[in-house]
Amino acid sequence: MSETIRTPPKPLELTELLRLLLEVSERLNTTLDLDELMQRIAGMVKSVIDYEIFAILLVNERAQELAVRFSVGHPHDAVKNLRIKVAEGIVGRAVQTRRSVLVNDVTEDSAYIQTIPDVRSELAVPLIFKNRVIGVIDLEAPWRGFFTEQHQNLLELLGGRVATAIENARLYRRSVRQARALQLLNEISRELGSVLVLNELLRKIATLTKRLINYDRFAILMADDASQTFNAVISMKQDQSTPDKFTVRYGQGAVGAAAAARRPLIIPDVTRDPRPVFVDPEMRSELAVPLIYRDRVIAVADMVSAQVNYFTEEHVRLFSTLAPQLAVAIENARLYERVVRSEARMERDLERAREIQTHLMPAPNPSIAGLEVGARFRPARELGGDLYDFMAYGKDRHVLAIGDVSGKGAPAALYGALAMGTLRSLAPQRLSPAEMLKKLNLLLLERKIEAHFITLTYCVWESKTRTMRLANAGMPLPILVRGRHVHAIRAEGVPLGLLDHAEHEETSLVLQKGDLLAMFSDGLLEANDARRQEFGNHRLENILRERAHSNVNEIIDRVFREVGKFEQGRAPLDDQTLLVIKAR
């Protein structure tokens, strides 16, 4: 560019100066939009100084450097990532000395930093607000000696008003941003509480964080104490999940350093810092925030930007506010997944245990001379504490037994298995029903289990004499149906596994052709309807009387069908077992 001589403008009269200052005050005070304010400042300066190149640089106090916030005449690429340290260059000198700097020929100033070729003169005026330099107005021209002392004085006069307007606009912008951030944090908190699947939660965190901090890449690395590593379980780039998973050792990179220090870490330029692990060649700045739950680092959130010096203390404050909630949400999701896995394993185990319990019980319709026999067991849970059994007891004699263990579920099933195993081990002794209950009681007391006992009805059938001898240890009284008459068989006694010297009554009855004998657990009688009324003996006796002519399986079907209707679809409160015996 060939240099030409430019005639300096005529100095402003006092009235013109006052009018200009008044206009500046009015125009600057009527907007709080920072971008619009920058445009107005550039226009007002242009009206009094016919500059070619203009810039407003703002100070980053943490980094002690200046960045171009607005410019005219500068190529965008030249100033986009330009950072000038305080005390460097002409603008840095203006900040450091807190005085305006007028350079008539920049080729003679060794501090000059060239961003545009053929610049010859420069004027830098610090913007001071409440005794603090917040930025610089910088003018450049392709002519030597273009800027005058009047230009310098004029910009110094405008500087205070410009600084105040910029600070007001920045304060307003921060307030608006903080209000939006608080609203976002509130929304994020609500949304995080509704997600319990870990991978879905982590993707949600990445998406919601994007609304707070416009990162270029986001990853959450979970801590693994066993391998002493942080493992990336979610990695998002340009809002799309990327398949690359990576591992960082404890203490390695920004992630390891942030976790070790237990506080957020900003790396302004990863190319000048030895700590980052280069998993993405496009990254330029990095922010790592440890997620701490109960004084333990469980994960690290790692954000990357393609811009140098992108992450700020405000980003740290925002994400640090969110970090404790993220840690709790992640830990809750991990706990939920552990519970789900544990429940699934328990479901499989219980299903297998139920199959085993079913196979341990005898066939429900045994072949016993002189009798038609049927049984059914309906557990309240996967496993039940009710039981029944049939055994040969020598020639022409059979045992029929039905029992009910205290409690429900797996503990009751195990105790029942113990009791029936003991009962079968005693069977070869061919004891009478009362003697069998006494012996079984003593053996259970030898291996007493707190809060567990069993009620049991034990019957011995002699087919030659058609005699049923029975003893009862706490079970509901058996019901005998003969013709149209129904009555309970009086045989009572104390449950087994409670008292040392328990005695049990024994009774005998001769069954006639067509007689029906029913034995059952209290779960049938205590079945509840919607009003919490019990099914009771009366309803059961009526069904048995009305269906006494049917075969045993039809009777059992009818009883359970009526009980189910009575419960109206609700799960049974207790195990339900019914044993029906009919004399041939």
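Quick notes on this one:
- When +1 charges are put on Lys and Arg Cβ atoms and -1 charges on Asp and Glu Cβ atoms, the dipole computed for the chain relative to its Cα centre reaches about 1760 debye.
- Along the axis of the charge dipole computed for the chain (Cβ charges of +1 for Lys and Arg, -1 for Asp and Glu, origin at the Cα centre), the listed residues Gly523, Asn365, Val460 are led at the positive end by Val460.
- Where only alpha carbons of the stretch 78-156 are counted, the Rg and the Dmax (Å): 12.1, 36
- FRET efficiency for the Arg294 to Arg203 pair, using the beta carbon distance and R₀ = 22 Å, is estimated at 0.35.
- If the chain linking Glu347 and Thr31 were pulled fully straight, counting 0.36 nm for each residue of separation and taking away their Cα-Cα distance, it would gain 107.1 nm.
- Under 20 Å of direct C-alpha separation, and excluding same-chain neighbours fewer than eight residues apart, Lys85 reaches these aspartates and glutamates: Glu61, Glu65, Asp77, Asp109, Glu122, Asp138, Glu140, Asp269, Asp273, Glu313.
- The helix-only estimate of mean residue ellipticity at 222 nm for the chain, built from DSSP H runs of length n ≥ 4 each weighted as -39500 (n - 2.57), is -13000 deg cm²/dmol after division by the residue total.
- Max-minus-min Cα coordinates of the stretch 361-583 on each principal axis give 43, 42, 28 Å, with the largest extent listed first.
- For q = 0.14 Å⁻¹, Debye-computed log10 I/I(0) when each Cα of the stretch 196-337 counts as one equal scatterer: -0.57
- 11 Å cut-off, amide nitrogen to a point 7 angstrom out along Arg482 Cα→Cβ, residues in the stretch 499-528: 509-513, 515-516
- The lysine pair tally for the stretch 370-484, using Cα distances under 19 Å and a gap of 8 or more places or different chains, is 4.
- On Cα atoms only, tilt of 14-29 relative to the major axis of the chain in degrees: 10
- As a ratio to 2.2 N^0.38 Å, the alpha-carbon radius of gyration for the chain is 1.82.
- Contact order, relative form, for the stretch 196-337: 26 percent (alpha carbon pairs under 8 Å, 6 or more residues apart, mean separation divided by residue count).
- Using the Cβ-Cβ distance between Gln114 and Leu184 with R0 set to 45 Å, the FRET efficiency from 1/(1 + (r/R0)^6) comes to roughly 0.60.
- Residue exposure sequence - Arg180, Arg484 - by fewest surrounding Cβ within 10 Å: Arg484, Arg180
- Cα long-axis angle, helix 198-212 against the chain (0 to 90 degrees, to the nearest 10): 20
- Centre separation in Å (Cα based) which lies between the stretch 159-173 and the stretch 40-87: 15
- Kirkwood hydrodynamic radius (C-alpha pairs) into Stokes-Einstein, the stretch 14-176, 20 °C and 1.002 mPa s, D in µm²/s: 135
- Charge-dipole axis of the stretch 14-176 as Lys and Arg at +1 and Asp and Glu at -1 on Cβ define it, positive-most pick from Leu157, Phe129, Val48: Phe129
- Additional length obtainable on full extension of the chain from Gln96 to Arg144, 0.36 nm per residue less Cα span: 14.8 nm
- Note on Glu446 and Glu492: the extension gain reaches 14.2 nm, defined as 0.36 nm multiplied by sequence separation minus the Cα-Cα distance.
- Amide H contacts under 5 Å for Val86, placed H, 5+ residues apart: Glu65, Leu66
- Seen against the Cα atoms of the chain and their longest principal axis, helix 409-426 is set at about 30 degrees.
- Across the stretch 88-232, the convex hull enclosing all Cα atoms gives 196 Å³ per residue.
- Annotation: amide H of Ser432 has no partner in the under-5 Å range at sequence separation 5 or more or interchain, hydrogens built in the peptide plane.
- Alpha-carbon Debye profile of the stretch 305-422, log10 I(q)/I(0) at 0.16, 0.21 Å⁻¹: -0.88, -1.14
- Taking amide H positions as modeled 1.01 Å from N, with prolines and chain starts lacking one, the residues under 5 Å from Gly474 and 5 or more places away or on another chain are Leu456, Gly493.
- Mean projected area of the convex hull spanned by the Cα atoms of the stretch 251-328, taken over all viewing directions: 4.8 nm².
- Cα-centre dipole for the stretch 361-583 with unit charges at Cβ (Lys and Arg positive, Asp and Glu negative), debye to 20: 580
- Using Cβ point charges alone (K and R +1, D and E -1), the dipole size of the stretch 520-584 about the Cα centre works out to roughly 280 debye.
- HN-Hα J in Hz across the stretch 40-50 - Karplus 6.51, -1.76, 1.60, θ = phi - 60°, x for Gly and Pro: 5, 4, 4, x, 5, 5, 5, 5, 10, 10, 7
- Positive-end residue of Phe230, Tyr415, Leu496, charge dipole of the chain with Cβ unit charges: Leu496
Here, each number is a calculation from the coordinates, and none is a lab measurement. Nothing here was measured: the structure is a model prediction, and the numbers come from that model. Cβ coordinates were reconstructed from backbone atoms using ideal geometry, including for glycine residues, and neighbour counts include every protein chain displayed.
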